[in-house]
Amino acid sequence: MTTLDLVPGSSAGSPSAAATASYDVCVVGLGYIGLPTAAIVAQRSIRVLGVDVDPRVIDAVSRGTIHIEEPGLAEQVAHAVERKLLSVARAPQPASVFLIAVPTPFKDDYEPDLKYVRSAALSVAPVLKQGDLVVLESTSPVGATEQMCEWLAEARPDLDFPRKGDTGTPDVFVAYCPERVLPGRTCIELVKNDRVIGGITPACAHRAAEFYRRFVEGDCAVTDARTAELCKLSENSFRDVNIAFANELSLVAARFEVDIWSLIRLANRHPRVSILEPGPGVGGHCIAVDPWFIVSGAPEQSRLIRTAREVNDYKPQWVLEKVRHAIAACRATQGDEPVRIAVLGLAFKPDVDDLRESPAVMIADALTREPGCDVLIAEPHIDALPAELQAPNAHLVEVDAALAMADLVVVLVKHRAFHSVDLAALHGKAIVDTKGLWQ
Ligand code: SAJ
């Protein structure tokens, strides 16, 4: 089978409905990529089953609601569930296409950990049949798709799986197609961006491209699985190296007592220079993680990529040192009174609610452990502080209240909501601005 056979709609939402139905597409992992993908595919009148092991996710999506913040996603999911094109369940069911979008963290030694890919593959294996397509979307080390294919083949010896170099048609097609969307623009970029699609064999790549062309408006470029895997890692490493340059430059500029923001503005007037923004460090589950997949696989060859990671990982420590100096200066003038620190932003980047690997969380947490400090955290995208910020001296407050009370203001995220604060509120306060918010 080389095209999707559309199955007429049936009752959506309840796991029991999912248990008896058959689907066009089964998306395993309903996180920041899997859920938007499931909803957008469903909007093309393709019947989708979303699978997740977390009952809270199943509960939210089955009611047509979402558990994450992403512009446009709530409407997409509500609409898809209402049209009975998106159902959810805790285990995969028969479908024509399986998309695996589960996390790929690294272990303590920076070795990639494929345990979630393995368990997703093993959950899909029992329902596979001839003609199906399995696509890995999770960011993965080079060789992961071949490894996933081996796990599938071991679990289903009755089916013929592709091997690199094969020219025939396997029973099950296996490919790699990394997501490339920017959080905050996911629903747009999932449709508009070009996709790189790597098959274990050319037949697999073409079968996968045929599927993606049903909902992607960008180009679907085909290649082999290893090239697609390294392509994804290269994209994020490229960005990490460039951010590391900006972060290193901010240290250099401070050393020379030069303002980093006007320096970058001036340097970027050169037609071939485009320096990115320094900040408190690099966060998120992608750029701070993926370069290690290259470094762990090719340590001798990736010295620049490793150094960039180290430069970016060091930046929160440098920011903390600056804040500690500012705390000491406040203390010198106000004696034993607690120093009230307004922390602006916790998310890993502007205008999202995602706190994963956020350097801002790390810095705020360290500040709660500074003696004699109250930490007033303004993060408009969350309703409660995360588990790691439950210290009695940490408080989630509105930005205006934080600024009104603070002795010291620490800017960690350039949320749009912070642009409009009344600058008069900053008068007389010490400021450590890692993002050039009011420049
Ligand atoms: N950052 C800076 N300075 C900058 C730009 C970003 O300090 O000039 C920081 C951000 O604050 C954040 C981190 O870098 O902490 C990463 O943010 P980002 O916006 O650069 O990237 P992500 O992690 O949101 O998304 C990236 C994207 N990759 C590239 O741009 C090459 C996205 O397209 C990928 O799909 C995503 O990783 C992913 O899932 O891999």
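The values are calculated or read from the model by the stated rules, or taken from the named source; none is laboratory data. In this text, all values refer to a predicted model and were calculated from it rather than measured experimentally. Neighbour counts run over all protein chains shown; Cβ positions are idealised from the backbone, glycine included. Please note that ligands, DNA and RNA were not included when accessible areas were found on the heavy atoms of the full protein model with its side chains. Shrake-Rupley method; radii C 1.70, N 1.55, O 1.52, S 1.80 Å.
Summary of values
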quantity	calculated
Flag if Ile287 is assigned to a loop (DSSP other than H, G, I, E, B), closer than 22 Å to Arg180 by Cα and open to solvent by less than 70 Å² (accessible area, probe 1.4 Å)	yes
The lone exception for Lys115 - which of (1) within 14 Å of Ala39 (Cα to Cα); (2) without any contact (Cβ under 8 Å) to a residue 24 or more places away in the chain; (3) of a type in the set (Lys, Arg) it fails	(1)
Residues of region 333-360 classified as touching a strand residue (DSSP E or B) at 6+ places or on another chain (Cβ under 9 Å) and either of a type in the set (Asp, Glu) or under 11 Å from Ile382 (Cβ atoms) (or both), total	2
Residues satisfying the stated conditions in region 419-439, i.e. among the charged types (D, E, K, R) and either more than 23 Å from Ala332 (Cα to Cα) or assigned to a loop (DSSP other than H, G, I, E, B) (or both)	Asp422, Lys429, Lys435
Members of region 252-298 found to be touching a Pro at 6+ places or on another chain (Cβ under 6 Å), small (Gly, Ala, Ser) and within 16 Å of the ligand (Cβ to nearest atom), listed by number	Gly281, Gly283
Boolean, Ala225 is free of Cβ contacts under 8 Å to residues at least 24 places away in the same chain and open to solvent by less than 30 Å² (accessible area, probe 1.4 Å)	no
Meets criteria (assigned by TED's automatic domain parsing to the domain that holds Ala39, in a helix (DSSP H, G or I) and modelled with pLDDT of 95 or more) for Ile243	no
Filter result (in contact with a helix residue (DSSP H, G or I) (Cβ under 6 Å, 6 or more places away or on another chain) and either of a type in the set (D, E, K, R) or free of Cβ contacts under 8 Å to residues at least 12 places away in the same chain (or both)) within region 187-204	Arg195
In region 105-146, the residues that are of a type in the set (A, V, I, L, M, F, W, C) and over 23 Å from Ser237 (Cβ atoms)	Ala120, Ala121, Leu122, Val124, Ala125, Val127, Leu128, Leu133, Val134
Segments classed as strands (runs of 3 or more DSSP E), wholly inside region 310-418, with at least 3 members that are open to solvent by 10 Å² or more (accessible area, probe 1.4 Å) and modelled with pLDDT of 95 or more	394-396
Looking only at region 258-272, and only at residues there that are under 30 Å from the mean Cα position of the chain (by Cα) and open to solvent by 70 Å² or more (accessible area, probe 1.4 Å), the one that is nearest to Leu437 (Cα to Cα)	Arg265
Flag for Arg207 being in contact (Cβ under 8 Å) with a residue 24 or more places away in the chain and open to solvent by less than 60 Å² (accessible area, probe 1.4 Å)	yes
